[in-house]
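Inspection log for the structure reproduced underneath, given as structure tokens.
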Amino acid sequence: QDNGLIYRGGLDWPQMHSVMKTFSDTLISFGFPPCPGNIMVSNPEWVNSTTQWTEKLTRWSKSFEGEATMNLAIASDSKPVAGNTALFKVARNSFFRRIQDNEIFFAHFAKAAIRFDTPLTFFGRLKGGAGLDIKKAGVFPIVHGVRAIALEHKIAETNTFRRLELLVEKGAMQKEFADNLSEALSYFVQVRLQQQIERYSGDPTEIDQIPNELDIKLLTALERQLLRDGLTVVKDFKKYLVHRYHLNY
């Protein structure tokens with residue numbers, strides 16, 4: 001669960017933080033495990049007024065530290081689910097204005113997408129042993145790289161597949177390239193879910209300790225080939241980001 005709260009300035013609600021803790025505890029009781037990064041409304045860091053959120057997003061955008069970048073990535077993918085959505089739009093639009101045409105910001109923000117190694121050898125074979133973290137290897141580089149380009153073009157959509165469609169519509173990305181990214185991401189999500197289901201014992205209290213790990217040995221020859229093809233797309237996308245934002249590996 002990743003969630004936060006935005007409220008109007010001057011709100012008098014003494015019980016706010018106790019109510020937010022109850023909210024998080026209730027989600028946990030429903031079966032939603034707590035966020036490992038503590039990005040929940042029970043954490044006061046993620047409960048702010050409109051002005052505080054605007055200032056926080058601006059501060060994160062000026063910091064090039066890893067935690068600030070990841071917090072900004074999470075916040076920039078947020079969407080309102082209840083309450084007065086105008087409060088959310090005020091903070092988001094203010095953030096969009098402040099990062100407009102800021103090439104240094106986008107370069108540092110996009111750099112996180114090339115942070116993890118793509119586990120392919122020079123000849124395109126899978127590296128390592130039986131286990132592969134598909135989130136680091138494939139999902140995150142695509143999701144975050146597309147997120148950076150979408151932010152640059154002020155696209156408010158948060159779904160990666162839809163972002164790719166909108167980037168094509170805006171002429172910001174070639175359709176074939178976007179389709180390849182979409183297909184690769186779709187396959188990564190599919191094969192990850194497949195192995196998560198296979199690991200599930202049926203115990204409703206069980207928490208998967210390795211939700212993003214793929215056991216390569218369980219894949220068929222065709223599935224391994226599709227995995228290699230998808231990771232090749234990721235490798236090409238990283239090169240694209242390096243060139244687009246003048247990055248270095």
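The values are calculated or read from the model by the stated rules, or taken from the named source; none is laboratory data. No experiment lies behind these values; they were computed from the predicted model shown. Cβ sites come from the backbone with ideal geometry, for glycine too, and all protein chains shown count toward neighbours. Side chains are part of the model used for accessible areas, which takes the heavy atoms of the whole protein and leaves out ligands, DNA and RNA. Shrake-Rupley method; radii C 1.70, N 1.55, O 1.52, S 1.80 Å.
Checking each residue in the stretch 25-70 for being more than 21 Å from Ala91 (Cα to Cα), under 16 Å from the mean Cα position of the chain (by Cα) and either among the β-branched types (Val, Ile, Thr) or open to solvent by 60 Å² or more (accessible area, probe 1.4 Å) (or both) picks out Pro36, Asn38. Among the residues of the stretch 96-116, is any within 18 Å of Glu157 (Cα to Cα), touching a Ser or Thr at 6+ places or on another chain (Cβ under 8 Å) and either β-branched (Val, Ile, Thr) or surrounded by 13 or more Cβ atoms within 10 Å (Cβ to Cβ) (or both)? Yes, that holds for at least one residue.
Scanning the stretch 165-195 for residues that are of a type in the set (Lys, Arg), open to solvent by 60 Å² or more (accessible area, probe 1.4 Å) and either part of a helix (DSSP H, G or I) or within 18 Å of Arg228 (Cα to Cα) (or both) yields a single hit, Lys175.
Can you find even one residue in the stretch 98-111 that is in a helix (DSSP H, G or I), under 22 Å from Gly9 (Cα atoms) and not acidic (Asp, Glu)? Yes, the stretch 98-111 contains a residue that is in a helix (DSSP H, G or I), under 22 Å from Gly9 (Cα atoms) and not acidic (Asp, Glu).
For (1) touching a residue at least 24 places away in the same chain (Cβ under 8 Å); (2) assigned to a helix (DSSP H, G or I); (3) under 20 Å from the mean Cα position of the chain (by Cα), each residue gets a yes or a no:
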residue	(1), (2), (3)
Ala91	yes, yes, yes
Ala113	yes, yes, yes
Phe123	no, no, no
Phe140	yes, yes, yes
Ala150	no, yes, yes
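Residues that are of a type outside the set (D, E, K, R) and within 23 Å of Ile155 (Cα to Cα) number at least 2 in the following helices (runs of 4 or more DSSP H) confined to the stretch 1-84: 50-62, 66-76.
Within the stretch 83-91, is even one residue closer than 30 Å to Asp203 by Cβ and not polar (S, T, N, Q)? No; the residues of the stretch 83-91 include none that is closer than 30 Å to Asp203 by Cβ and not polar (S, T, N, Q).
Consider Arg244 carefully, then state whether it is in contact (Cβ under 8 Å) with a residue 24 or more places away in the chain and open to solvent by 70 Å² or more (accessible area, probe 1.4 Å). Here the answer is no, as Arg244 does not meet what is asked.
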